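Okay, so here's the structure we're looking at.
Computed from the coordinates by the stated procedures, all read-outs in this text should not be read as laboratory data. Here the structure is a predicted model, which is why all the values come from computation and not from measurement. Neighbour counts run over all protein chains shown; Cβ positions are idealised from the backbone, glycine included.
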Ligand SMILES: Nc1ncnc2c1ncn2[C@@H]1O[C@H](COP(=O)(O)OS(=O)(=O)O)[C@@H](OP(=O)(O)O)[C@H]1O
């Protein structure tokens, strides 16, 4: 009886021990859960295991969860300005632009025109009528000029009118945008500016007249085009392009984001050999498996995230996605789809391409009035450095849920999961 009296209960040694043990176990459990939740936030929350290995979610909830996580993670700062980004890779630099972000220089059209090379060196000029163009002499020895290509490829005189583009290749950097544009320029109803105008990201304040003036003249029925791959990852670009032309057609060349990241890195490495290894840059903490999604080489490949912004302004029917892989394997097949999308006659066909063994890529056959076939320049189709297969595997795992989301959004399966190694 005394055992159960309140006083004896709290003074008795046995219950005090029990009470102590009970409190201790509660504290330990509490601490355990705290640590677990802390660990979860430390891990990148989109890792495949988080969403796909639970086996408890439906496809729909997976999609929603992923989208929510995408934005919550964004706000948690994973995409915050990366100090490395400024010195290592410029997310806006396509066509082999030197990667150091020096906007004083880049505000001008500094993009080199990496056209389909002829084997003969052709004297170079700045493209886009030379307006505002800053040349990069060390790269130009093998480039043809816009004027030169316009004559040889488009076979169109400068009669006509300069118009704002009706179609733009908006991305993605290192996706194969140059190959696509140059193949399109073979079409007599397409006229395109050779350089990347970067109007909607770097030169917007120069105004639409400036932009229009960069364009080649077109005759009735011809389409004006340009390509600037950085638009796809530029926050303001969808709104700005919509303001210019709500019915514009948008083309996006996408490529396995892991290979794209390595290609991006390879471009930077070619200009700045002293940069750290890919493996170092790819992780915030390699031991913990924390991928650095703020590194632009990796961030660009989260296609679903960027596409979300475009879908707020344009319906999917105004977008066409080109597989960067297929563009290499079957350029004519991809070109047929692009021409259909643009409402063009299928004029660019397999007759225009051949596989160049030395280059390792398809090239354009020589035009009738020239003796030289045209392959893209040295900066397209670079040899990639060997990357640790474990890093590649982790990156594939990292991208998988985003890729799935992208397939759902576009209704196209690009099958990047089938290539687990480089
Ligand atoms: N026909 C042909 N010839 C050469 N290269 C080709 C071709 N088709 C696609 N590709 C791939 O294009 C990749 C470069 O992509 P982009 O032109 O979009 O690069 S950039 O953003 O404009 O710098 C380039 O990437 P890397 O191989 O990593 O250099 C090529 O793989």
Worksheet item: Fewest first, what order do 416, 210 take by the number of other Cβ atoms within 10 Å?
Response: 210, 416
Practice prompt. Just order 244-255, 166-177 by mean Cβ neighbour count inside 10 Å, highest at the front, would you?
Written response: 166-177, 244-255
Item to complete: Pop the C-beta distance of residue 393 and residue 235 into the FRET formula with R0 = 45 Å and round what comes out to the nearest 0.05.
Response: 0.90
Worksheet entry | Radius of gyration and Dmax over the Cα atoms of region 333-422, both given in Å | 17.9, 50
Discussion item. Report the gain in length on full extension from residue 22 to residue 210: 0.36 nm times residue separation, minus Cα-Cα distance, nm rounded to one decimal.
Written reply: 60.1 nm
